[in-house]
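Below is one structure, written out as structure tokens, with a few remarks after it.
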Amino acid sequence: MKKVESRESEGRVFSTYTYENGNQALEAYGALTDEQRLAMARVYQEAFGGYPWFEIFKCNQCDEFSKTNDSCSHCGGSSFSEAYPLEWLVNEYFPHMMGAYTPGVLVTLEDEGKMIGFTTGGAIGLGQLIQDKYKGKPEILASIIGQTGVAPEAVVFYENETCISATSQQKGSGGKLNLARIETASEIGFPLICGRSVNQPGIALKQRQ
């Protein structure tokens, strides 16, 4: 596991962790303090609880996410739970998220010692990515292959998550995090970088970069 810090003016610090395998991914995650991991989870909640996802609740009947907890638009269910509980994010999802894509990278952004954003991603076979992340939907795989010509067995660097706290969005932080991830992926040696999103500003940013 390797960590590199870069500092900007006004107390902003980017920390880049790179890791070769699952054990090193856990080592990188373990290098964060309890406070940092909790802040990372809160940033995740804020990011996916807002536009364009509004994933605040999860239907207990069909597991679809929802902005409200009155009636599920997918199945009509009325029983909901929190979409992304803090304890689940810290103890289960984040370690799995990092370990599932290796070699990989985690970049965190702190402002005056407070984490306000992070981005992560790493290696996976394209076909396996569609199976794991998108429930094996053939139309998604066909779309990516049609746009890029990449074979299903090709190993790509998958841009997994980028999250910015609500008060820090629209200030260029996401662009800097994404660019740091791209540059690190290139340094590791990945010729193919794959990302998918419904966030149109995010897509435009990726296209520019």
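The values are calculated or read from the model by the stated rules, or taken from the named source; none is laboratory data. Since the structure is predicted, the reported quantities are computational estimates derived from the model, not experimental observations. Glycine gets a Cβ as well: all are built from the backbone with ideal geometry, and neighbour counts include every protein chain shown. SASA here: full protein model, heavy atoms, side chains in, ligands and nucleic acids out. Shrake-Rupley method; radii C 1.70, N 1.55, O 1.52, S 1.80 Å.
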### Message
With +1 on the Cβ of every Lys and Arg and -1 on the Cβ of every Asp and Glu, and nothing else charged, how large is the dipole of the stretch 137-201 about its Cα centre, in debye rounded to the nearest 20?
### Response
240
### Query
Roughly how many Å² is the accessible area per residue of the stretch 102-161, as a whole number, for a 1.4 Å probe?
42
### Query
How large is ³J(HN,Hα) for each residue in the stretch 158-165, as worked out from phi by the Karplus curve 6.51 cos²θ - 1.76 cosθ + 1.60 (θ = phi - 60°), to whole Hz, x for Gly and Pro?
8, 7, 6, 9, 9, 10, 10, 4
### Summary
Within the chain, cysteines having no neighbouring cysteine beta carbon under 4.7 Å are Cys163, Cys194
### Task
Take the alpha carbon atoms of the stretch 102-148, find their center, do the same for the stretch 5-69, and report the distance between the two centers in whole angstrom.
13
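Of the heavy-atom accessible surface of the chain (probe 1.4 angstrom), what whole percent is carbon and sulfur?
Using a 1.4 Å probe with all protein chains present, the chain comes out at 48 percent carbon and sulfur.
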### Message
Using the crude model of +1 on Lys and Arg Cβ and -1 on Asp and Glu Cβ, and no other charge, please compute the dipole size for the stretch 1-115 relative to its Cα centre, in debye to 20.
### Response
180
## Note on the structure
To the nearest 20 debye, the stretch 44-196 has a Cα-centred charge dipole, built from +1 on Lys and Arg Cβ and -1 on Asp and Glu Cβ, of 320
### Query
Pick from Cys75, Cys163, Cys59: which is most flexible by mean-square fluctuation in a GNM of the chain where alpha carbon atoms under 10 Å apart are linked?
Cys75
### Message
So, taking all protein chains as they sit and a 1.4 Å probe, how much accessible area belongs to Asp70, in Å² rounded to tens?
### Response
100
### Task
For the chain, state the semi-axes of the equivalent ellipsoid (square roots of 5 times the eigenvalues of the alpha-carbon gyration tensor), sorted largest first and rounded to whole angstrom.
26, 23, 17
### Summary
Most fluctuating of Lys58, Lys135, Lys114 in the GNM of the chain (C-alpha, under 10 Å) is Lys135
### Query
Gln147 to Glu187: extension gain in nm, 0.36 nm per residue of separation minus the Cα-Cα distance?
11.9 nm
